[in-house]
Every structure is written in structure tokens, then in C-alpha cells.
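Note sheet for the following structure.
The values are calculated or read from the model by the stated rules, or taken from the named source; none is laboratory data. None of the values given here were measured: they were computed from a predicted structure. Here the Cβ is made from the backbone with ideal geometry for all residues, glycine too, and neighbour counts use every protein chain on show. For the accessible areas, the whole protein counts, side chains as well, though only heavy atoms, and no ligand, DNA or RNA atoms are used. Shrake-Rupley method; radii C 1.70, N 1.55, O 1.52, S 1.80 Å.
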Amino acid sequence: MPENNLVRFESVDGIGVITIDNPPVNALSPGVPEGIVESVERGNTDPAIRAMVLIGAGRSFIAGADIRTFGTNRPPPVEGRRPHQVLDASQKPVVAAIHGYALGGGFELALASNYRIAVPSAKIGLPEVLIGILPGSGGTQRLPRLIGPKAAMDMIVSGRHVPAEEAHRLGIIDELVPEGADLREAAIAFAHRIADKRPVPRIREHDEKLAEAKTDPGLFDAMRRQIARRARGQRAPYHCIAAVEAACTMPFDEGIRREREMFDELENSAEARALRYAFFAEREVARLPDIPRDTPLRPIKTAAIVGAGTMGGGISMSFAEFGFPVKLLEVSQEALDRGLARIRANYQTSVRRGSLTEAEMNRRLALIEPVGSYDDIKDCDVVIEAVFERIPVKEEVFKKLDDVMKPGALLYTNTSGIDIDIMANATKRPQDVAGTHFFAPANVMKLFEVVKGAKSAPDTLATAMDLGRKIGKISAMAGNGDGFVANRSRTPFGTEMNIMVEEGALPEQVDKVMVDFGYPIGPFATADLSGLDIGYDSRQRRAAQDPNYRKMPIADMVVEMGRLGQKTGAGWFKYEPGDRTPHPDPELARLIKEKTTELGIAQREFTDEEILRRLLFASVNEACRILDEGKAYRASDIDVMWLNGFNFPRYRGGLMYWADTIGGPAEVYRQIAAWHQQYGERWSPSPFLRRLAETNTPFREAKPSRPM
Ligand code: 3H9
């Protein structure tokens, strides 16, 4: 008889099998915890039951608490009746049988069970920190008792998913069940084996592993220091450490209370709300309003990249990382050799740093096959063009692809700004052409901007979105047009940072403001890292095409002095040989002053707040134009792009979400309208922004003015 429709209890030959059935990922939505509690109690009162199995139906064990209920007026849990407490009190042993994911509250239930078995493909973890909270169902108290505080902190503070085999080595999983075997049957057999074993093992009763904190009491502060850089501005990672520390200093039940207090403190923090928003925005971005969900995808088994430059190499590495064989095409042997040498050097750096094993490097290198002629790639299912960003070069490549590629092959371009239709129209099959824009470094950055050409077929686009996901990226759709969505919305930020330096701000001041805001590095240091010559070239090109183009005299001066960024030891900052740390350069400050005096540009002081707003509001205004033109489906897609393409601090939700938190469209419009008066046309407020301000519509609820 089912306990409710989300949790079933079945008696199988003396074993009570408790099955959670809450698709798609068995989150602990209302009804599930209650069902588990009733089932465990039923197993305990039924004399025919000797042991129990806790298992998930469908594709997963339990992916955790239902995040949608966070921040709502949930009834508080009844102390003593929470599932992990009822499991603790169970007189009969419970075996958690894990496949798919056991995350957050799901993994905490497995920890409160007496035994854990799993298939090797299962993943376990406590990812709460990634949504701004901490494990709140005993995870911070039980895990350190099972594997020691150090290993527990590593998992809890990173939130990483641990593969079952590693979890087995760590002592979290008692037994691995061969992949493909029937997990339910294996769990029932396991339960029979341990049914009469007494005492029933309970993690809460074991303190031995906590001794590590006595011999090394500095380990918590060491962890705090270790995360200081990346956890800047956030509370959850520190609460995670404090909770593990509590596990080592307080009796179990007191530790549980402390954990709960900290959980309650964080659930509605600004950081947790922003991170939850980012979590759902990254799922929403996959929904394409104009392409049916069940559009059949074109099969992709073989892929080719044209162009072994920095981007082409990085794209190949992205494919290889996820086990896809890829052909890398360069017609010049020398360029091909150079490209491969760069890939190898990148991998070797990772091996030296310890983030990649030698064996994994070799596995990936073996997947990248260098080829020298278009004929070698003609049978590939997909080709991504990543050649030089010049229109005639791109047209030439697409003509060749059109000649050689098999019918139905997908022809994607990694252009970062050239009109997709130019490439599409160079072929007789524009329906097969779309943009797939990677962000540098292509093997690291997660954003995969899919660009819709005028004639791109729905399955060309849907397959591109899926391909991005398969190579570990976050795919986001953009309309065609200058700079598409991500770069276009970022361009005004780049303009303002240069203009502020002309007006008296120094690169180090601008960078400090943005680092304090949460960026891992400031925008000028980022520009130094990428190389300043790229921006210089594109400014010269634009100036040649557009007589009204606003020149950047200081940025140009820096490049013309031969300061191209890190690679020349100086750019906006100075660099010591072999060191990537940017050092402010008083000499550059003097030269900037000289130049601005010569140009007669009035100098003034900037507040940090003004710098932040100038950079971000300029981009919000452009994002509004993008939405007005229907080039993006939703404001949250732009947020996803900023988070994954430009390292916008995740705990601030994204560009548009952040703008909502500091006063929303009304405040942004007020400020932009004032700057319009002060600085002229480039600050002309988008009519879309004005409408949002007038109708009091938050950015995150804004609907584009027309379909994409
Ligand atoms: C927690 O447990 C707190 C406890 O310590 C204490 C409590 C007191 N809730 O990602 P996908 C939805 S905090 C609600 O596309 P995948 C998701 O929105 C929680 N919904 O699949 C999507 O819906 P839709 C700790 C959830 O295979 C659908 O499921 N746990 C939840 O690429 C499919 O998801 C986590 O933080 C949830 N917990 O990845 C895990 N999880 O179809 C969060 C998923 O309408 N989840 N959904 O767009 C994940 O990391 C991934 O979803 C997972 C699957 C890896 C599980």
C-alpha cells in the first residue's frame, strides 16, 4: 500500500523497500519527507520487516531539498520528526541504494541511513553552498564523523559532485554494485545480509575521525584562508566551515541545532536568493519558445573544427574533455603543428598543476586528430569554423564546406560578431548554418552562445543547443546582429572603462571596484591577459568604417607604446617576468595625465559607486535594446551569459538581476537619463528601459518586445 503518491512502501520477503517517486530528480518536495518518515516508522512497527531499503525511482536517488520551496513560507520542520532524525531512531537497519544523484538533503538521508551502496556512475555531494546555504539536515555533522573534518570540508565547501568510486574509496559508500546490475535487487540482497547485524551502525555514534581536528586545530582557519579569495563577499562557504567546526567541538545534537540555526540564517540571504535565481535561470535558458521541445535532433558522432588557432584549439579541447573525437583542420602544416603544440602545452600546464593526470592528457590528445584537407572532414556530422575573423576568409571557408560536406552536416561558425547570414549565404544550405560562439579560453568558459541566422532550421539550432550541453557548456540562444547578445551587451562596459580612465580614474581603481564587487579579476587586468592588440585592431577597423566612431585615445596610446598586456610585460599594468600579478604603474599614470592634458580632457575624482554604475548601467541599457529588438528570449538569458561568459559574480545573480536589487528599472532609468543630459547621446536611455521604469516592471519579468 503506498504511503502517499510520492513515496511507496513495499514489503519484499521481509525487507521494507521505500521508493521515492517524485520525477524528474526525486527532490524532497512537500509530501516526500512525510512519506519517508511514515515508511520508516511503518518498517519499524511491522514485525515481518527485518531491514529496509531506501531507493529512488526513475533516473536518480534524491537530488536534495526542493529548491523551489526555499524562501517561501514553508512550515518549519517538526523537531524529532525530520526524516534524518527518524532514520537515526530506526531500530531496524536501513540501506540507501544510490543511482543517479544523491545530493544535498538526499545525500544527508543516505548519511542518516545505516549503510550506503551505489552504482559506479552515481554521484554524491553536498552542493548547498552553490545556492548560498549549507547542508541543513545533518550533513555537516555526519560527514566529518564518517571521513574526517578535512575531507568533509573539501566536499561541503566546494559543493562538488563526488563519483561513487571516489566516495567508496573515501569510506562513504560501503559497497559498489556493478553498473547494469539491478540496484533494487542488490540492495534487497545486501539488506538480507546485514538485517541481523547488531549494533546497527550509526554515524552519529562515531567520533574517532573527529580526532583530526584535535591534532590539527588550525585546520579550520587554514581552510578559511584557502577560500578567502574566491569566497569574497559570501557567507555560505564560511558557515559551512563553522558548521564542520561545530561538529568537532559540540555534542552531536547540539551541532545539529547549530547547523539548523545557520541554515535558517542563510536561507533568505541576498546571496542565497541570487544563487537560486542563477540556478533556475540556467535551466530556463534551455527553453526555446519558438522551437518545439520534441524537435528531433540531428545525430552527432563525428565533429571537425576548421582553424587550429587559439579558439579552434580550445574548442577541440572542449570536445576531447567530454570524450568526443574531433578532427582539427588547418591546410598549412606549420599552422597545424603550432596549434597542436599549443594544445599540448595547455594540457601540460594542467598536468604540472595537478589538475589533470598524464593518462587523461594522453586520452584527450588521442581524441584530437590533426588533418590537412577539407576532404578529410567531409563525412563529419558537424563542423565548427574557427578561422580568422575576416569576412572574406569566412566566406571562403563556408564555400568550401558547402562543396565538400555531406548533405545534412551541421555547419557552425564560432564568429564572435560577424553576421551569421553572410556565412549562411555563402552556401546553398543556409538552413544548416548557425553560430556557436565560444568564449575565451574556449576550453574553460562555460558559455556557448548559439546564434540564430535568418534561415537556420529549428533542428540546426536545437542540435547546437544540445551539443553545447554535451560538451559541458551552458547553451544560450541569441539573435543575429552586431556582437549578438553577450558581447553586444558587454561592449558599453568596455567603452565606459576606457572613458573613465580618460576622465581621471586609474585602471587600478576601476579594477579594485570590480574585484570588490566580486569579479575574480578586474576588467583592465582581464584586457591585459587577453592582449590589448585585438581591441586596438577592431577600433581601427571601426574608425575607418564609421566617421562618428568614438575614438579611445588613451587605450590607443597604451598599445602604440608597445604595451600589449601580459605578453609584453606591460599593458594597463606592469608585470614581473614569469609572474601574472598586475602591478599599478606610476609611469603609465603620468603618461595618461600628460595625454589628457594635451587633449584638454577635464580630470576629476570618481567614487567607487560611480565606477560600478557607469560600467554596469551602460550594459543594462544595451541589454534593454537587445530585448526591445527581440534578440534575446529573456533578461535572465543575458544574466546566464554574463555569469558564464564574463565571470560576473554568481552570488550577485547576473547583470539584470543585480540591477533589480539596486532599485530596478526606475533607478537605472533615472541615472541614465541624468547621464544622458551630462554626457550626451551614448547615454540615451533605451525606450524599453523607460517603459519598464514607467510600468514598474522588474528586469527579470521583462518580456522582449518582439519574437526572436
Ligand atoms: C538541500 O538539499 C538542502 C538540505 O541540505 C537541507 C534542507 C533542510 N529542487 O538540472 P536539470 C529540477 S538544497 C527543485 O535540468 P540534470 C530542475 O529545475 C538542494 N527542482 O537536470 C529541472 O526542472 P525543469 C541541494 C530541482 O540532469 C529538472 O529538475 N541539491 C532540483 O542536468 C531537471 O534538472 C542541489 O542543489 C531541486 N533540488 O541535472 C541539486 N534539482 O525541467 C540541484 C533539479 O522544470 N540540482 N530540479 O527545468 C542539480 O544540481 C541538477 O538538477 C542535477 C540534475 C545534477 C540533480
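Points to keep in mind about this one:
- Cβ-based charge dipole, the chain, positive-most Cα from Tyr679, Gly35, Ala426: Ala426
- Near Ile15, once Lys and Arg are set to +1 and Asp and Glu to -1 for all other residues with Cβ below 15 Å from its Cβ, the sum equals +1.
- Across the chain, the relative contact order, built from alpha-carbon pairs under 8 Å that are at least six residues apart, equals 8 percent.
- Under a model in which nothing but the beta-carbon of Lys, Arg (+1) and Asp, Glu (-1) is charged, the chain shows a dipole of about 200 debye around its Cα centre.
- Computed over the alpha-carbon atoms, region 491-644 gives an Rg to Rh ratio of 0.97, Rh here being the Kirkwood radius from the mean inverse distance.
- Length-normalised contact order for region 288-412 - Cα pairs under 8 Å, 6+ apart - percent: 31 percent
- When the Cα convex hull of region 144-301 is projected onto planes of every orientation, the mean area is 15.1 nm².
- Geometric descriptor of region 107-201, per residue, is 97 Å³ (volume of the convex hull of the Cα atoms).
- For the chain, the share of DSSP beta bridges that are antiparallel, to the nearest 5, is 25%.
- Equivalent ellipsoid semi-axes - Cα gyration tensor, region 148-226, angstrom: 31, 18, 8
- Considering only alpha-carbon pairs that sit under 8 angstrom and 6 or more positions apart, the relative contact order computed for region 601-708 is 36 percent.
- Per residue accessible area in Å² of the chain, where ligands, DNA and RNA are left out and the probe is 1.4 Å: 43 Å²
- Where Ser416, Ser686 fall by accessible area, highest first, once all protein chains stay in place (1.4 Å): Ser416, Ser686
- Rounded to the nearest 10 Å², the accessible area of Phe439 at probe 1.4 Å: 10 Å²
- Globularity index of the chain is 1.05 (Cα radius of gyration / 2.2 N^0.38 Å, N = number of residues).
- Each peptide among 424-430, 67-73 gets the average number of other Cβ atoms lying within 10 Å of its residues, and from highest to lowest they stand as 424-430, 67-73.
- Most positive-pole-ward Cα, Val515, Leu588, Gln545, against dipole of region 501-651 from beta carbon charges: Gln545
- In the assembled protein chains, Glu622 presents an accessible area of approximately 30 Å² (probe radius 1.4 Å).
- Extended-chain gain in nm, criterion 0.36 nm per residue less alpha-carbon gap, Val200 and Ser538: 114.8 nm
- For region 209-279, size of Cβ-based charge dipole, Lys and Arg +1, Asp and Glu -1, in debye: 420 debye
- Mean ellipticity per residue at 222 nm, deg cm²/dmol - from DSSP H runs of n ≥ 4 across the chain, formula -39500 (n - 2.57): -15000 deg cm²/dmol
- Its residue count N sets the reference 2.2 N^0.38 Å, and the alpha-carbon radius of gyration of region 419-495 equals 1.11 times that reference.
- Given charges at beta-carbon only (K, R positive; D, E negative), |dipole| of region 444-575 in Debye: 480 debye
- Listed residue (Ala335, Ala110, Ala187) projecting farthest to the positive dipole end of the chain, Cβ model: Ala335
- Seen from Phe646, the other residues with C-beta closer than 13 Å to its C-beta sum to a net charge of +3, counting Lys and Arg as +1 and Asp and Glu as -1.
- Note on region 521-607: the alpha carbon radius of gyration divided by the globular reference 2.2 N^0.38 Å gives 1.15.
- Counted by Cβ distance under 12 Å from Asp533, the other residues give a net charge of -1, where Lys and Arg count +1 and Asp and Glu count -1.
- Distance histogram for region 1-135 (every C-alpha pair counted, 5 angstrom bins, percent rounded to whole numbers): 2, 11, 21, 26, 21, 12, 5, 2, 0
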